[in-house]
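What follows is a single structure, written as structure tokens, with notes after it.
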Amino acid sequence: MNRKDSIRPAHRQLWSGLASDDASSEIGVLGVPFDGATSFRKGASFAPSKIRELTPHVAPYTEEGASLSGLRVRDYGDVFVDLNWERYFKTVEARARQALHHRLAVFLGGDHSVTIPLTRAFSSAVSGRFGMLHIDAHLDLADSFEGSRWSHACTQQRVLELPNIDPRHLAFVGIRSFMDDESEFLAGHPEIGVHTARDVYVQGVDDVARSVVKQLQGVDAVYVTLDIDALDPAFAPGTGTLEAGGLSTRDVLELLRAVFSGLPVRALDIVEVSPPLDHSDITSVAALRVIYEAFGWVHAKTQ
Ligand SMILES: [Mn+2]
């Protein structure tokens, strides 16, 4: 049937019709539906399926009207949850390597602990030194939390144990919550870039973005982790550990636009989206806009 004869728009498919089995696809997607590490309200395990479910309703265009036609998205599905946490993280690490073969890997959490095996995979997949941008209300710099070193509050301590990242190539944006051991750790590491949510409000997001790009300049690859609770609860109510006074969706889009333009971003994870805690899918829709803009930034560089 001629495409124009169909009442159903051509993009009403998974990933707006961009899904492809082609090994040379520009984008690799992997879902990690694990929320066993959340310390408060759960539900992030439902995020990958919810985000995919909404993709037929997103037009394959960027917010500025650039067509994504021709971009290919290879979706590797989800890493099914295993009750053995250690074994699960090993499986996540192995499966993440597939997605990392592509120009950009997009990982759908899950709670923030999934960034631990994902960055382990990233660390071994990239050659040379990597940098990390952590967009979050929280620092996740506890050495252990509630008896676990793999809690979602410990993510960045585990990242800093990887062999090819230096603390001077770690930047935080959106922070507005601190714990004692995190503050002490930061006091000993002034080279780590910390931009609070208030810094973004007072200085403007462009200034903060410039500072991040400058700090991470010179690394061979960059991993961006976006905890959706970096956004203000008004923009992302569906998450387990809400903090008032956060970033707008616009702030995050502008920050990432500058970071994708100025740095070699090879992986993006979006974590802590919790569909059961959401209203009208606001939070998933925010995550999807970030993902589709990232698609656009990659497409502009690769076509
Ligand atoms: Mn957080």
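The values are calculated or read from the model by the stated rules, or taken from the named source; none is laboratory data. Since this is a predicted model, take the numbers as computed values, not measurements. Virtual Cβ from ideal backbone geometry, glycine too; neighbours counted across all protein chains shown. Ligands, DNA and RNA are excluded from the accessible area calculation, which covers all protein heavy atoms including side chains. Shrake-Rupley method; radii C 1.70, N 1.55, O 1.52, S 1.80 Å.
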Just for the Cα atoms in region 19-82, what are the lengths along the principal axes, largest first, rounded to whole Å?
40, 27, 16
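Figure the gain on full extension for Ala10 and Ser69 (residue separation times 0.36 nm, minus the Cα-Cα span) and round it to one decimal in nm.
Full extension from Ala10 to Ser69 adds 20.1 nm.
Just to be sure I understand: of the beta bridges DSSP finds with both ends in the chain, what percent are antiparallel, rounded to 5?
Values: 2 of 39 bridges.
That works out to approximately 5 percent antiparallel.
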Can you tell me the accessible area per residue over region 3-302, all protein chains present, probe 1.4 angstrom, in square angstrom?
41 Å²
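With viscosity set to 1.306 mPa s and temperature to 10 °C, compute the Stokes-Einstein D of region 3-302, Rh being the Kirkwood radius across alpha carbon pairs; µm²/s, no decimals.
Working: Rh = 19.0 Å.
So the translational diffusion coefficient is about 84 µm²/s.
With r as the distance between the Cβ atoms of Ala59 and Asp206 and R0 = 22 Å, compute the FRET efficiency 1/(1 + (r/R0)^6) and round to 0.05. Display every interim value, and only then the final one.
Numbers: r = 27 Å, r/R0 = 1.24.
With R0 = 22 Å, the Cβ-Cβ based efficiency is 0.20.
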Could you grab the relative contact order for the chain? Cα pairs under 8 Å, six or more apart, rounded to a whole percent.
22 percent
Share of carbon and sulfur in the accessible heavy-atom surface of region 3-302 [1.4 Å probe, %]:
52 percent
Aspartates and glutamates within cross-link reach of Lys90: Cα-Cα under 17 Å, excluding same-chain residues under 8 positions apart?
Asp35, Asp78, Asp82, Asp111, Glu161
Can you tell me the dipole magnitude for the chain around its Cα centre, using point charges on the Cβ only (Lys, Arg +1; Asp, Glu -1), in Debye to the nearest 20?
1160 debye
Between 0 and 90 degrees, rounded to the nearest ten: what's the tilt of helix 205-216 against the longest Cα principal axis of the chain?
70 degrees
Take the alpha carbon atoms of region 160-207, find their center, do the same for region 88-108, and report the distance between the two centers in whole angstrom.
25 Å
Whichever aspartates and glutamates have a C-alpha closer than 12 Å to that of Lys301, once near sequence neighbours (fewer than 8 apart) are set aside:
Glu26
Added length on full extension, which subtracts the Cα-Cα distance from 0.36 nm per residue, Asp220 to Glu146
23.2 nm
Could you work out how far apart the two model spin labels at Arg168 and Glu191 are, taking each label as a point 7 Å from the Cα in the direction of the beta carbon, and quote it in nm?
0.5 nm
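If you take the beta carbon distance between Ser124 and Thr302 as r and set R0 to 35 Å, what does 1/(1 + (r/R0)^6) give as a FRET efficiency, to the nearest 0.05? The partial results should precede the final answer.
Values: r = 24 Å, r/R0 = 0.68.
Computed FRET efficiency for Ser124 and Thr302 comes out at 0.90.
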Dipole of region 3-302 [Lys/Arg +1, Asp/Glu -1 at C-beta], most positive-end residue of His101, Val126, Ala230
His101
Taking +1 at the Cβ of each Lys and Arg and -1 at the Cβ of each Asp and Glu, which of Ala19, Cys154, His112 sits farthest along the dipole of the chain towards its positive end, judged by Cα position relative to the Cα centre?
Ala19
By what distance, in whole Å, do the Cα atoms of region 250-303 stretch along each of the three principal axes, largest value first?
36, 21, 18
Taking a point 7 angstrom from the Cα of Asp21 along the C-beta vector, which residues in region 75-114 have backbone N less than 16 Å away?
75-77
Projecting each Cα onto the charge dipole of the chain (Lys/Arg +1, Asp/Glu -1 at the beta carbon, about the Cα centre), which of Pro60, Gly204, Val173 comes out farthest on the positive side?
Pro60
